[in-house]
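Chemist: Have a look at this one.
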Amino acid sequence: MPVKLLVTGGAGFIGSAFIRLVIREFRQYQVLNLDKLTYAGNLENLAAVQDSPRYRFVRGDITELDFVLDLIGQEKPDAIVHFAAESHVDRSILSPEPVVRTNVFGTYALLEAARRHGVGRFLHVSTDEVYGSLEEPFEADENYPLRPSSPYSASKAGSDLLALSYFTTFKLPVFVTRASNNYGPYQFPEKLIPLMICNALEDKPLPIYGDGMQVRDWLFVDDHCRALVALLEKGRPGEIYNVGGSLALPNREVVRRILAITGKPETLMVSVKDRPGHDRRYAIRSEKTMQETGWAPCVDFSEGLRLTVRWYQEHGDWVRRVRSGEYQRYYELNYAGR
Ligand code: NAD
Ligand code: DAU
C-alpha cells in the first residue's frame, strides 16, 4: 500500500527539495502538497514532479482551521510532514504578526486536525534557532534549554512545545526535528548564501551584518531532506531530533568563499548595521539522529557551495522572477536604513 504524505509548505525551499527527493527515490510515498504560495512559495520549484501520478498540489492556508480540518478529514493522510512557516528572521523583526499566526496558530490547526482524524505520524520540522545563541564550546543536544531570540525563533519554539504537548496530552504520534542552516538550489535570495551569490553575480554590495563573525552550522538541503525521510520511518513519537551539518563557519568566511568561487573581489563586502538581537553562534549535536537512523550528512560544504553557485548562475530567469515585485519592497525596507 502506498503511504500518503501531506506535506505543508512544499513549494518553499526545503519542502520542495523534500518532495523532489521523495518522488524521485522513495516510490512507497504519495505526496499531497499543501501550500499558500506566499512570496516564498513557488510552484516552479516543483516542475520536475508536477506530472508524477504520485504528486498533487492544493493551494491553502494552514491558519484556516475549518479548511485544514476538512482537508485532512477528506484526504486522510497516513503522515504529515510540516514545513510551512514564515521562515525569515529579518522579516519576523520587521513584521512579527504573520510569523506568529502561521508558525504558531497554523501548527495548532494541523495538530488539531491530525488529532481529530487520527493521523498516524506528524513530523514537525523545526530549527536549531530555538536553542538561541551558544557560547563556545557549548553545543546543544535535544535536552538543551530553549532561549529563542527573534520573533521567528520564539514562534518556532512555541510551535515545538505545542506539537510535543499533543503527544503528551493526546498521544498524537508527533516528533520534532531541529535542523541547522540549510543552503542549496531554489533558496529564496533573502537568506545569507543565495543573497550573497545573487548580489555577487551582479557586482552589487554584499551586506554583512555587524562584524560578520557570527557562526552558523551549514547543512546542504538534500542532506536535511534525507534525514527527514529516515526519521519519518524511524523517529520515535514524542522525541526531538537535531539535524546538523557539522560545519561551523563565521559569515565572513562563507561570503569570502562565495566571492572566490564567483571570481569577484572582496571589496564587494560592506559592513552594515547589525540585526537586532542577532544570535552570535549556533551549534548543535546530531548524534541521536545519526545513531537512531544511520543518517549522516554527506555533502561537503565546498562541493555544496560550488554546486549552489553554479545553480544560481544557470537559473538567472528563476532569480529574476522571484526578485521582481515584493522582493524589491522588502529589500528596500530591510537594507535601506542599514
Ligand atoms: P521557505 O520560506 O522557503 O518556505 C515556506 C513555505 O511555506 C512557502 O512555500 C510558503 O508559501 C509556505 N507557507 C507559508 N505560510 C503558509 C501558510 N499560512 N499556509 C500554507 N503555506 C504557507 O522556508 P524553508 O526555508 O523551506 O523552511 C521550511 C521549514 O524548515 C520551516 O518550518 C523552517 O522553520 C524550517 N527550517 C528552515 C531552515 C533553513 O535554513 N531554511 C533550517 C531549519 C529549519
Ligand atoms: O539555523 C536555522 C535557521 O537558519 C532557520 O531556522 C531559518 O529559517 C533560516 O532563515 C536561518 O536563519 P539565520 O538567521 O541563521 O539565516 P540567514 O540566512 O538570515 O542569516 C545567516 C547569517 O547571516 C546570520 O548571522 C545573519 C547574517 N546575514 C544575513 C543576511 C540575510 C548577513 O550578515 N547579511 C544578510 O544580508
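The values are calculated or read from the model by the stated rules, or taken from the named source; none is laboratory data. Predicted model only: the values in this text are computed from it and were never measured. Positions of Cβ are generated from backbone atoms using ideal geometry, with glycine treated the same way; all protein chains shown enter the neighbour counts. Heavy atoms of the whole protein, side chains included, go into the accessibility calculation; ligands, DNA and RNA do not. Shrake-Rupley method; radii C 1.70, N 1.55, O 1.52, S 1.80 Å.
Chemist: Quick check on my filter: what residues within region 1-51 are buried (at least 24 other Cβ atoms within 10 Å of the Cβ), closer than 13 Å to ILE80 by Cβ and either among the β-branched types (Val, Ile, Thr) or in contact with a helix residue (DSSP H, G or I) (Cβ under 8 Å, 6 or more places away or on another chain) (or both)?
Modeler: LEU5, LEU6, VAL7, THR8, GLY9, GLY10, PHE18, VAL31, ASN33, LEU34, listed by residue number.
So that you can scan it fast, the table gives a plain yes or no per residue for (1) basic (Lys, Arg); (2) within 19 Å of GLU303 (Cα to Cα); (3) within 21 Å of the chain's Cα centre (by Cα):
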{"position": "ALA157", "(1), (2), (3)": "no, no, yes"}
{"position": "LEU164", "(1), (2), (3)": "no, no, yes"}
{"position": "PRO173", "(1), (2), (3)": "no, no, no"}
{"position": "PRO205", "(1), (2), (3)": "no, no, no"}
{"position": "ILE208", "(1), (2), (3)": "no, no, no"}
{"position": "ASP217", "(1), (2), (3)": "no, yes, yes"}
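Chemist: Taking the condition free of Cβ contacts under 8 Å to residues at least 12 places away in the same chain and surrounded by fewer than 20 Cβ atoms within 10 Å (Cβ to Cβ), does ALA260 pass?
Modeler: So ALA260 passes the test.
Chemist: Given the criterion crowded, with 24+ Cβ neighbours inside 10 Å and in contact with a Ser or Thr (Cβ under 9 Å, 6 or more places away or on another chain), identify the matching residue among GLY238, GLY244.
Modeler: Result of the check over GLY238, GLY244: GLY244.
Chemist: Hey, can you tell me all the residues within region 100-121 that are open to solvent by 10 Å² or more (accessible area, probe 1.4 Å) and under 17 Å from ARG178 (Cβ atoms)?
Modeler: Result: VAL104, single match.
Chemist: Within region 15-48, track down each residue that is within 15 Å of ligand 1 (Cβ to nearest atom), in contact with a Lys or Arg (Cβ under 6 Å, 6 or more places away or on another chain) and farther than 21 Å from THR107 by Cβ.
Modeler: none
Chemist: Quick test of your reading of the structure: VAL322 fulfils all but one of (1) buried (at least 17 other Cβ atoms within 10 Å of the Cβ); (2) out of contact with any helix residue (DSSP H, G or I) (no Cβ under 7 Å at 6 or more places or on another chain); (3) under 26 Å from SER133 (Cα atoms). Name the failing condition by number.
Modeler: Tallying (1) buried (at least 17 other Cβ atoms within 10 Å of the Cβ); (2) out of contact with any helix residue (DSSP H, G or I) (no Cβ under 7 Å at 6 or more places or on another chain); (3) under 26 Å from SER133 (Cα atoms), VAL322 fails exactly one: (3).
Chemist: Just name the residue that is nearest to ligand 2 (Cβ to nearest atom) out of those in region 164-187 that are of a type in the set (A, V, I, L, M, F, W, C) and in contact with a helix residue (DSSP H, G or I) (Cβ under 6 Å, 6 or more places away or on another chain).
Modeler: ALA179
Chemist: Can you tell me which residues in region 126-167 are open to solvent by less than 40 Å² (accessible area, probe 1.4 Å) and closer than 14 Å to VAL243 by Cα?
Modeler: Passing the criteria: SER126, THR127, ASP128, GLU129, VAL130, TYR131, ALA140, GLU142.
Chemist: Further question on the same structure: Evaluate region 188-195: report whether one residue or more is free of Cβ contacts under 8 Å to residues at least 40 places away in the same chain, open to solvent by 10 Å² or more (accessible area, probe 1.4 Å), on the phi < 0 side of the Ramachandran plot and over 15 Å from the mean Cα position of the chain (by Cα).
Modeler: no
Chemist: What is the residue count in region 263-297 for residues that are over 25 Å from LEU307 (Cβ atoms) and either out of contact with any Leu (no Cβ under 7 Å at 6 or more places or on another chain) or loosely packed, with under 15 Cβ neighbours inside 10 Å (or both)?
Modeler: 17
Chemist: Test ALA85 against the stated conditions and say whether it is within 12 Å of ligand 2 (Cβ to nearest atom) and at pLDDT 95 or above.
Modeler: Criteria met by ALA85.
Chemist: Another question, then. Given the condition crowded, with 20+ Cβ neighbours inside 10 Å and closer than 25 Å to GLN30 by Cβ, answer yes or no: does some residue in region 90-99 qualify?
Modeler: Scanning region 90-99 turns up no residue that is crowded, with 20+ Cβ neighbours inside 10 Å and closer than 25 Å to GLN30 by Cβ.
Chemist: So is ARG59 surrounded by fewer than 19 Cβ atoms within 10 Å (Cβ to Cβ), more than 30 Å from ILE208 (Cβ to Cβ), at pLDDT 95 or above and in contact with a Phe, Trp or Tyr (Cβ under 7 Å, 6 or more places away or on another chain) or not?
Modeler: No; evaluated as a whole, the condition is false for this residue.
Chemist: While we're here: Which of the following residues is hydroxyl-bearing (Ser, Thr, Tyr), in contact (Cβ under 8 Å) with a residue 40 or more places away in the chain, closer than 28 Å to ASN199 by Cα and within 16 Å of ligand 1 (Cβ to nearest atom): SER286, SER246, SER271?
Modeler: SER246
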